[in-house]
Amino acid sequence: MSQGPDLAYLIAVGHRRYRMAARAAVESLLGPGGFDGDVVLFSDRPMRVPEGVRLVTVSDPVMLAQPKRLKFQIGRYVDLAGYRHVMFFDADLVSRGPVLERVAEPLAEGALICTDDIEQTVDQGLCCRCLSEEELKIHGGSSLGVNSGFFAARGELIQDYLSTWEALVDACSDRPGPGFDQPGLNAAMLRAELPVCVVRGLMWFPRRDPDQRLCLSDAPLVHFHGAGRRWGRTFRMRAFARQLA
């Protein structure tokens, strides 16, 4: 395992709301999230970022047409093997506590760390588009799905994981249904094509779980789902993050 620093990366491409949300996400990661490694933020235009954060302005039209591909292809811009751990955070995730210390053991064992999607099973939400009818028959209603808004792995392992994940997404790109990257992650998990370790309850969705019953009471990640698409959610996310500072 590399003894280098840790890395966190985020994507903020498109409307100004994504950049506003990402700034709040980064500030919370560096503040209450207690993260002291390197932070890389991908965007399609210049923006203000906290001191020490590396902003990568992407102009590749292929990447900008499907900006979530930057999740998979970060290795084009960053040498991942030099990092001890690499984490991805959606731009609408607020950190209210450290994450790495909670997942240290499975990380050391080489797992791809994820968390559940409010205890939804793989036949629900954005999890199922890449699954076959037989897989849904076996796993629907019983196997826990995972959310792709956060994941972590060892630096020397993660690019291979991301390449496997992207290939699976591409293989089912013509299938109907919602979701882009999350369906592929769930399919790879069920087929054991990726060593996914689901650490339950790390993520809280305030709108969908207002009483915080489907996550840990001290869940370190708060997912303001859709903050990049609606101003109201962007402002609520920013206000929540500022209250934690």
Quiz item: Looking only at residues in the stretch 155-170 that are surrounded by fewer than 16 Cβ atoms within 10 Å (Cβ to Cβ) and out of contact with any helix residue (DSSP H, G or I) (no Cβ under 8 Å at 6 or more places or on another chain), which one is nearest to L221 (Cα to Cα)?
Solution: D160
Quiz item: Just for the stretch 96-153: of the residues that are without any contact (Cβ under 8 Å) to a residue 24 or more places away in the chain and of a type in the set (A, V, I, L, M), which one is farthest from K71 (Cα to Cα)?
Solution: I138
Exercise. Evaluate the stretch 142-151: report whether one residue or more is touching a helix residue (DSSP H, G or I) at 6+ places or on another chain (Cβ under 8 Å), assigned to a loop (DSSP other than H, G, I, E, B) and surrounded by fewer than 20 Cβ atoms within 10 Å (Cβ to Cβ).
Key: yes
Quiz item: When you scan the stretch 32-109 for helices (runs of 4 or more DSSP H) that lie fully inside it, which ones turn up with 1 or more residues that are of a type outside the set (A, V, I, L, M) and within 18 Å of the chain's Cα centre (by Cα)?
Solution: 69-72, 104-108
Practice problem: Read through the list (1) surrounded by fewer than 18 Cβ atoms within 10 Å (Cβ to Cβ); (2) touching a Gly at 6+ places or on another chain (Cβ under 7 Å), then give the number of the only condition that L80 fails. | Solution: (1)
Self-check item: Extreme residue, nearest to L93 (Cα to Cα), among residues of the stretch 59-78 that are at pLDDT 95 or above and of a type in the set (A, V, I, L, M, F, W, C)
Solution: L70
Quiz prompt | Qualifying positions in the stretch 205-224 - surrounded by 16 or more Cβ atoms within 10 Å (Cβ to Cβ) and either within 25 Å of I158 (Cα to Cα) or polar (S, T, N, Q) (or both) | solution = A219, P220, L221, V222, H223
Quiz item: Listed residues G37, G31; which is small (G, A, S), touching a residue at least 60 places away in the same chain (Cβ under 8 Å) and open to solvent by 10 Å² or more (accessible area, probe 1.4 Å)?
Solution: G31
Quiz item: Which residue out of G110, G34, G125 is at pLDDT below 95 and at positive phi?
Solution: G125
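The values are calculated or read from the model by the stated rules, or taken from the named source; none is laboratory data. These numbers were taken from a predicted model, which means no experiment stands behind them. Here the Cβ is made from the backbone with ideal geometry for all residues, glycine too, and neighbour counts use every protein chain on show. Calculation scope for accessible area: heavy atoms of the full protein, side chains included, ligands and nucleic acids excluded. Shrake-Rupley method; radii C 1.70, N 1.55, O 1.52, S 1.80 Å.
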